[in-house]
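Notes follow once the structure below has been shown.
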Amino acid sequence: MIKIIFDILIYRYDKLEKFLIGDKTVIIDKGKINKVVLKKNKIDMNQLSELLRKQGVFLLDEIDQAYLEKDGTVTVKKRKNNPSK
């Protein structure tokens, strides 16, 4: 019963969802790692590398942005290929 009430409240109020569950966090922006976010979420560089490899990313230069999702997974937005290179 309580779960149903929480589900309804979370569905109706976005701020409540962010407070209770959290929101995605940018961990890499334009190839630069946000070490403050990694430390806050207790992720070391080896763990980050492993998470990125699971997404098929092996070089930071490939990444435009990477997000740490609220469920602990990492989502990567790769840079678009520059035809002039």
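General observations
- Above-threshold pairs, the threshold being 27 Å between Cα atoms, out of LYS3/LYS24; LYS3/LYS77; LYS42/LYS80; LYS3/LYS54; LYS3/LYS42; LYS42/LYS78: LYS3/LYS77; LYS42/LYS80; LYS3/LYS54; LYS3/LYS42
- Taking amide hydrogens as placed 1.01 Å from N in the peptide plane, the amide H of LYS70 sits under 5 Å from those of LYS24, each at least 5 positions away in sequence or on another chain.
- Computed from label points 7 Å out along Cα-Cβ, the spacing between ILE4 and PHE58 is 5.3 nm.
Here, each number is a calculation from the coordinates, and none is a lab measurement. For clarity, every value in this text was computed on a predicted model and none was experimentally measured. Quick reminder, even Gly has a Cβ in these numbers, built from the backbone with ideal geometry, and neighbours come from all protein chains shown.
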